[in-house]
1. For region 79-280, what size does the Cα cloud have along each of its three principal axes, sorted from largest down, in whole Å?
2. 7 Å from Cα along Cα→Cβ at both D163 and D113: what's the point-to-point distance in nm?
3. In vacuum, with every alpha carbon of region 4-67 counted as one equal point scatterer, what does the Debye formula give for log10 I(q)/I(0) at q = 0.27 Å⁻¹? Two decimals, please.
4. Where the centroid of each part is defined by its Cα atoms, how far is region 83-119 from region 1-73 in Å?
5. Within region 135-160, which residues have the backbone N less than 18 Å from the label spot 7 Å out from I75 along Cα→beta-carbon, could you tell me?
6. Per the Kirkwood treatment, what hydrodynamic radius in Å, one decimal, follows for region 183-236 from the mean inverse distance over all distinct Cα pairs?
7. Calculate, in whole percent, how much of the Cα-Cα pair population of region 26-138 lies beyond 25 Å.
8. Over region 147-281, what is the percentage of antiparallel beta bridges among all DSSP beta bridges, to the nearest 5?
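Throughout, read-outs are computed from the coordinates displayed, never taken from laboratory work. In this text the structure is predicted, and so the values were computed from the model without any measurement. A quick note on method: Cβ atoms are made from the backbone with ideal geometry, for glycine too, and the neighbour counts reach across all protein chains shown.
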Amino acid sequence: MKKLYSVYREAIKALTDAGCDSPEFDAQQLVSYCLGMNKTQLLLNSGAPVEEGKLLFFEDCIKRRCNHEPLQYIIGMWDFHRFSFKVGEGVLIPRPETELLVEFATEKIQKNDFKVVYDLCCGSGCIGLTVAKLFPTVKVFCIDLSDKAIEYTTMNKELLCADNVSIVKADVLDSVGFLGLPRPDIILSNPPYIRTEGIKELQPEIAFEPFMALDGGDDGLVFYRALSDNWFTYINKGGYIAMEIGEEQGKDVLSMFVNKAEKARIIKDASNLDRVVAVKR
């Protein structure tokens, strides 16, 4: 039988040779997922033999990662803010910068008597469900057109027991009026914002993520126009919309709300890049 540390080092080499960005992190995560050991346990049991069944499962997962399948899809769960969410092919992977939307909502809900929040283009539901768990008296509507998004949001709602969430299948590019939902105090959205032609230039892992969750049209701004034209005026007066953006889209998105907004600002992420446009109605 192969020894644990030898298996681990071979995995790191394979991931490095395949051009994965963080081979040691990926190997550690897959050791935890496949073999049930954290980093400390790995070191303490480095000479232990690995059972054949577990070894085959681990090696298969390493091969999948070497083919640039996202680590999050292989594991099937990923952390976002304070919670863990089921993820897989068909929904966008939760990313740390998107937590800015939750932080913005948290600040505004705590300061105001806000009762209704929309999560548009909800994907896995990580944004809306996190807000719902943090504020059980707030009614949250998670809205998406994708069947896979609805499926994963439903699974995550059940996983988190978020009874204050309603899941709605609808096209965000259409008008909000036909949905018959209560007017929101806050709209949160991480919409598709990559230029259609730019998607093929991204890292290979992106090819596994759903095209419709990435494609923002020819200029990457089609969803922001819909949010400005069809959704913003539906927000209760004094409410907000907060949208994740690409790092070079801030000025273009802000310009869509000129003469509509009471005030607007750009929020930067941990890398000091423009990441969220927040607008008050």
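1. For region 79-280, the Cα spread along each principal axis is 44, 42, 36 Å.
2. Calculated label separation equals 2.4 nm.
3. So the normalised log intensities work out to -1.23.
4. After rounding, the separation between the Cα centres reads 31 Å.
5. 156, 160
6. It works out to 12.2 Å.
7. Cα-Cα pairs in region 26-138 separated by more than 25 Å: 40 percent.
8. The antiparallel fraction comes to roughly 70 percent.
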